[in-house]
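Undergrad: Before I ask anything, let me first share the structure, which is written out below as structure tokens.
The values are calculated or read from the model by the stated rules, or taken from the named source; none is laboratory data. Note that the coordinates shown come from a computational prediction; the quantities given were computed from them, not determined experimentally. No Cβ is skipped: glycine too gets one built from the backbone with ideal geometry, and neighbour counts run over all protein chains shown. Keep in mind that these areas ignore ligands, DNA and RNA; they rest on the heavy atoms of the full protein, side chains included. Shrake-Rupley method; radii C 1.70, N 1.55, O 1.52, S 1.80 Å.
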Amino acid sequence: MNLAVVLVSPKTPGNIGAAARAMLNMGARDLRLVAPRCDPLDGQAVAMAVHAEELLRSARVYPTLREALADRDVSVGTSARVRADLAPPRHPSQVRPLVRAAAAPALVFGPEETGLVNSDLEQCQVTVRVPTGDYASLNLAQAVLLVCYEFLQAQEEVPVGERKTATREEMEALYGHLHETMHLIGYTDAVRARHTLRLWRTMLDRALMSSAESRLFRGFLRQVEWKVQDAARRGVVGPDTEGKVDQDA
């Protein structure tokens, strides 16, 4: 499986090296680092990687999570907490069929101290939580090992056929387009826009659009924009001037 493991803003080189070793144990070889706060090739990282030194040295570094996920079709975030406006985390085994059916899945882990923030989790279609005992704090490498095991080594009948889901870059472009269109037609305002877009993200990510479907949706948005702009040019009064409809009704 072409599984990428993405570490967002890792703090210590030892954790990066240990995560690389955990990946190699489970058969994952695509390590991606987003804005690391240390040297990923520090001696401590190399020492902790052991036989995964080659994997560590081939890791790619990105300035943003969006860029790290641009070529992925399914992205899975990790979190131990329930977040407002976001779907609750699921058990990794529940997400396994989705990941195994994807062409280019990614597994995303946050900084050691805080985990992923909401803006990171918004870019993931689904979130998983590793079930633990009362003491729920896992080392980064432990979390990488456990979730990679669920996706790569745990036994399960693999779904037949190959899905061709839209990449995260295509979906992020769609969400940017949707955000602009919502403002254009008065569907939301600056205060409620982020909350409203999160609800749309949750719904559309659940649909697992193909590239063609994402283009179809954006074609619809372009037509809406054209209609509004054409009406404005012709001085036609639109329904939004007579009273707004509550989109959350």
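Undergrad: Using only the alpha-carbon atoms, how far is helix 140-152 inclined from the longest principal axis of the chain? Give it as 0 to 90 degrees, nearest 10.
TA: Its long axis makes an angle of about 80 degrees.
Undergrad: Right, next: Which ³J(HN,Hα) values, rounded to whole Hz and listed in residue order, are derived for region 105-120 from phi using the Karplus coefficients 6.51, -1.76 and 1.60 in 6.51 cos²θ - 1.76 cosθ + 1.60 with θ = phi - 60°, glycine and proline given as x?
TA: x, 9, 10, 10, 10, x, x, 4, 7, 10, x, 6, 8, 4, 5, 6
Undergrad: Over region 1-131, with every protein chain in place, what whole percent of the accessible area is carbon and sulfur at 1.4 Å, could you tell me?
TA: Working: 2750 of 5300 Å².
Whole-percent figure for carbon plus sulfur exposure: 52.
Undergrad: In the P(r) worked out for region 169-232, what percent of Cα pairs fall beyond 17 Å? Intermediate results must be reported in sequence, preceding the final value.
TA: Values: 813 of 2016 pairs.
The calculated P(r) of region 169-232 puts 40 percent of pairs beyond 17 Å.
Undergrad: Report, by chain and number, residues whose modeled amide H sits under 5 Å from the one on residue 107, excluding near sequence neighbours (fewer than 5 apart, same chain).
TA: 4, 5, 6, 76
Undergrad: Would you calculate a helix-derived [θ] at 222 nm for the chain, using -39,500 (n - 2.57) for each DSSP H run of n ≥ 4 and dividing by the full residue count, to the nearest 500?
TA: Details: 10 runs with 113 residues, N = 249.
So the helix-based figure for the chain works out to -14000 deg cm²/dmol.
Undergrad: Can you bin region 69-154 into rounded, prolate or oblate? Criterion: square roots of the alpha carbon gyration tensor eigenvalues sorted a ≥ b ≥ c, rounded for a/c under 1.5, prolate for a/b above b/c, oblate for the rest. Don't jump to the answer; show the numbers that get you there.
TA: Numbers: a/c = 1.55, a/b = 1.15, b/c = 1.34.
Because a/c hits 1.5 or more and a/b fails to exceed b/c, region 69-154 counts as oblate.
Undergrad: How high is the relative contact order of region 63-183, in percent, with contacts defined as C-alpha pairs under 8 Å that are six or more residues apart? Display every interim value, and only then the final one.
TA: On the way: 161 pairs, mean separation 48.2, N = 121.
It comes to 40 percent, rounded to a whole number.
Undergrad: What shape does region 1-77 have by the C-alpha gyration tensor, where a ≥ b ≥ c are the square roots of the eigenvalues, rounded means a/c under 1.5, and otherwise prolate means a/b greater than b/c and oblate the rest?
TA: On the way: a/c = 2.22, a/b = 1.29, b/c = 1.72.
Here region 1-77 falls in the oblate category.
Undergrad: Looking at the chain, what % of its DSSP beta bridges pair antiparallel, to the nearest 5? List each step's numbers first, then the result.
TA: On the way: 1 of 21 bridges.
So the antiparallel bridges amount to about 5 percent of the total.
Undergrad: Can you list, largest first and rounded to whole Å, the semi-axes you get for region 49-197 by taking the square root of 5 times each eigenvalue of its Cα gyration tensor?
TA: Numbers: eigenvalues 162, 72, 57 Å².
Output for region 49-197: semi-axes of 28, 19, 17 Å.
Undergrad: Next question. What net charge is computed for the residues neighbouring residue 51, neighbours being all others with C-beta under 13 Å from the C-beta of residue 51, Lys and Arg scored +1, Asp and Glu -1?
TA: Value of the local net charge: +1.
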